[in-house]
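These notes concern the structure reproduced below.
The values are calculated or read from the model by the stated rules, or taken from the named source; none is laboratory data. These numbers come from a predicted model, not from an experiment. Cβ: placed from backbone, ideal geometry, glycine included. Neighbour counts: every protein chain shown.
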Amino acid sequence: MKLHTPMRRRLFTAVLLCLPAFVLGGGTVRGDSSPAFSGQATVVRATLPVAGTIVLADTGPLPQSGGALNASLLDVAVPNLLTAEVGHASTIGQGDRSRSAASVARLAVTAGGNTVEAEFLRASAVATCAPGGGSASGQSELAALVINGQPVVVSGAPNQTVMLPGGGEVIINEQNSNGPGDITVNALHVIVPGVADVVIASAHADITCPGPPPQPPCAGSDFVTGGGWIVSPSGGRANFAVAGGLKNGALSGHLQFIDHGAGPRVKGTGVTAYVVTGPSTRHIEGTADIDNMPGRYQVDVADNGEPGHDTDAFSLTLSTGYTASGLLGGGNIQLHSPCH
């Protein structure tokens, strides 16, 4: 799918998959007519005996009133423990739902003599208010998972566990809930007793639903988030993390991109334009460091449905003349409209 910039569109210048688990029920009900939102996403949370807890690319907690928070890193590292790249985290609360996601590429963990590697990991969580009360669901996506040199077939079930020598374990697609309308999803959880406790790509969402009378018309901002990979022009893998939209009336977002087929490394430094180009497509422009030199970027994304791989689309054009585009080989583009 070829995406391009419609010149006459209005610019806002203030500007595989693991099976989901569902948590259903009445949920907590508020006495007023507005939901209370809650969410958070992190790329890495590592707890070590001496260093304590290290958190990388953390959105922080979503305010009860909702909004949008995002965080990203081009290079992700905890010395002597892990390396990864193109980390993305986002959490958004508006309309009738809270939604969070986190993703990261090229993960390599070494802990207590154990090694855990994966080409791509992603976790997502959504909590929604409906006439019957609150509900929540979540899922993970992991590609090319290898533990201690052995490829692991991801079953798709929540909380798949692989035991490690010496009593450690790796939990895949870890999911837990504190009740209806609440869920936390961790794409990968590595536990080596006495050495490290590491959570990779964590997404939490919960919501407290309003009681009668019915909720008033929804309000919020248009925002898009995503993380994943496409095939680069040279045939290699290109990983990306992207976010864009309006936050408190101002433009907000990020871009991280690495083309492993001898292409550029790109780190966005600002968002300068956000365009609604269609019901499921958005256009983002901004400034960036391109191979450590200042430049500009244009991104077009399409949220064509779930799951995102082989369905959603990502396109990047740089001021250097570099372009890359295609359907996602893994990951997801998520459009967040005011009502959803």
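At-a-glance table
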{"quantity": "Criterion (touching a Leu at 6+ places or on another chain (Cβ under 7 Å) and outside any strand (DSSP E or B)) met by exactly one of GLY194, GLY156", "calculated": "GLY156"}
{"quantity": "Count of the range 166-193 residues which are within 17 Å of VAL109 (Cβ to Cβ) and at pLDDT 95 or above", "calculated": "15"}
{"quantity": "Tally, over the range 313-330, of residues that are at pLDDT 95 or above and assigned to a strand (DSSP E or B)", "calculated": "11"}
{"quantity": "Candidate set from the range 331-340 (those that are not in a loop (DSSP other than H, G, I, E, B) and not hydrophobic (A, V, I, L, M, F, W, C)); member that is modelled with the lowest pLDDT", "calculated": "HIS336"}
{"quantity": "Filter result for ARG282 (surrounded by 20 or more Cβ atoms within 10 Å (Cβ to Cβ) and among the charged types (D, E, K, R))", "calculated": "yes"}
{"quantity": "In the range 162-192, the residues that are crowded, with 18+ Cβ neighbours inside 10 Å and aliphatic (A, V, I, L, M)", "calculated": "LEU164, VAL170, ILE171, ILE172, ILE183, VAL185, ALA187, LEU188, VAL190, ILE191, VAL192"}
{"quantity": "Qualifying residue in the range 253-273 (condition: polar (S, T, N, Q), surrounded by fewer than 16 Cβ atoms within 10 Å (Cβ to Cβ) and within 21 Å of the chain's Cα centre (by Cα))", "calculated": "yes"}
{"quantity": "Hits in the range 221-236 - residues which are more than 19 Å from GLY321 (Cα to Cα), of a type outside the set (Phe, Trp, Tyr) and buried (at least 19 other Cβ atoms within 10 Å of the Cβ)", "calculated": "SER221, VAL224, THR225, GLY226, GLY227, GLY228"}
{"quantity": "Identity of the residue in the range 64-105, under 17 Å from ARG265 (Cα atoms) and of a type in the set (S, T, N, Q), that ends up surrounded by the fewest Cβ atoms within 10 Å (Cβ to Cβ)", "calculated": "THR83"}
{"quantity": "Options SER137, SER124, SER202: the member that is more than 18 Å from ALA57 (Cβ to Cβ) and either polar (S, T, N, Q) or at pLDDT below 95 (or both)", "calculated": "SER137"}
